[in-house]
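The values are calculated or read from the model by the stated rules, or taken from the named source; none is laboratory data. Here the structure is a predicted model, which is why all the values come from computation and not from measurement. Cβ: placed from backbone, ideal geometry, glycine included. Neighbour counts: every protein chain shown. Just so you know, the surface numbers come from the protein's heavy atoms only, side chains and all, with ligands and any DNA or RNA stripped out. Shrake-Rupley method; radii C 1.70, N 1.55, O 1.52, S 1.80 Å.
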Amino acid sequence: MKKKILIIGAEGFVGSNLAYNLNDKDNFQIYLMDLVKREKLKNLKLNKLRNCKYIKCNIQNKNEIQKFKFYNFDYIYHLASLVGVEKVTNTAEIINSIIIGTQNVISYLVKKNSKLIFASTSEVYGNNPNLPWNETDQMLVGTYDSPRWNYAKCKSIMENYIMEASYAKKFKFLVLRFFNVYGPRQSKYFLIPKIIKNCKKNLICKIYYPGNQTRCFTYIDDVIYFLYKACSKNIRFNEIINIGSNKKSKVKDVIKLIVKITKSKSKIKLYKLNRIKNSKFKDVINRQPDINKIKKLYNWKPSTNLLQGLKKTIFYLDNN
């Protein structure tokens, strides 16, 4: 019997890549859920996803989502969320997107025998200075009046909500804290695709002051491999885990590498964070995961280095 898989946020970056991966497998019945109308889908080419059924649904709307409460999904990938600096500083929008949406998913779609895979974020660690970040480390966010931390706080709240709900409803879960995932189908407003686009046009590449920030960039295929493993292998659930590369790179060095690969004439320019009005925005200078847990429990580690991942991403953008 085929496993019934639901991908919520299927039109998004991670969701669409997962859809194409699972579409090639024969042992799944796949449902793709998003709030985008079929005719406006960009990442999902439904004519190429023959093994998938598309469901238009806004999970924030109870009247819409409860129409599907009689479906029995074996695995539910909840990957839907507002993302991006401009959006996540909007308190009402981020609460509706993450908290209300996730509560509705659990209320109407998650059954006793379901397994829920929830996309969380490295942002939950806030500005914790102690690197690398372990899953048990403290969340150190800014002041209460800074919308900068809306996204992190909402994701953290829902991590706890999922754990409590799982005990009551008897379902299993995985909470995945993603670290700077990049690759094909990512929004052009994110760092890597934005820099590639600018380099192709020989435009200035802007980065936040002071310019020595470090990140651990994780190529999408490595993440998708783990997500596939979660529904195809008998792995351990009821865990919160970091998923990402643990190799730090300075953002300015990544830009220089993209400039080199694309043979661009682009220059790097630092700029301050006061462009985001009333948000008291502060960048996290360093971000690095401890991935010992995911290595030990699931025998997973990233296999794509930064140079390989950037070349694959540039190739995709050149051809799409």
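Quick notes
- Asp290 sits with roughly 30 Å² accessible to a 1.4 Å probe, with DNA, RNA and ligands left out of the calculation.
- Helix 191-200 axis versus longest C-alpha principal axis of the chain: approximately 50°, rounded to the nearest ten.
- Note on Lys265: aspartates and glutamates with a C-alpha under 20 Å away, same-chain residues under 8 apart excluded, are Asp253, Asp318.
- For the chain, the residue among Asn160, Ile98, Gly12 whose Cα projects farthest onto the positive side of the dipole built from Cβ charges is Gly12.
- Surface per residue (accessible, 1.4 Å probe) for the chain, Å²: 51 Å²
- Considering only Asn51, Asn61, Asn234, the Gaussian network model of the chain with Cα springs below 10 Å gives its largest mean-square fluctuation to Asn234.
- Residues Asn63 and Tyr225, FRET efficiency given R0 of 56 Å [Cβ-Cβ distance, rounded to 0.05]: 0.95
- Length available on full extension from Asn320 to Lys112: 0.36 nm per residue minus the Cα-Cα distance, which gives 70.8 nm.
- Sequence ranges 67-75, 187-195, ranked by mean other-Cβ count within 10 angstrom, highest first: 187-195, 67-75
- Taken about its Cα centre, the chain carries a charge dipole of roughly 1000 debye when the Cβ of each Lys and Arg holds +1 and the Cβ of each Asp and Glu holds -1.
- Share of carbon and sulfur in the accessible heavy-atom surface of region 133-266 [1.4 Å probe, %]: 51 percent
- For the residue pairs Lys155/Lys293; Lys62/Lys194; Lys45/Lys115, alpha carbon separations beyond 25 Å are given by Lys62/Lys194; Lys45/Lys115.
- FRET efficiency for the pair Glu39 and Lys200, taken as 1/(1 + (r/R0)^6) with r the Cβ-Cβ distance and R0 = 25 Å, rounds to 0.30.
- Exposure of Val259 as accessible area (Å², to 10), given a probe of 1.4 Å and all protein chains: 30 Å²
- Cα-centred dipole magnitude for region 161-320, charges only on beta-carbon of K, R (+1) and D, E (-1), debye, nearest 20: 620 debye
- Positive-end residue of Phe68, Met139, Cys52, charge dipole of the chain with Cβ unit charges: Cys52
- With R₀ fixed at 56 Å, the C-beta to C-beta distance from Asp145 to Asn23 puts the FRET efficiency at about 0.80.
- Looking at region 1-129, the pairs of alpha carbons with a distance over 21 Å make up 40% of the total.
- Counting only alpha carbon atoms, the long axis of helix 251-262 and the longest principal axis of the chain meet at about 90°.
- Counting only alpha carbon atoms, the long axis of helix 306-319 and the longest principal axis of the chain meet at about 80°.
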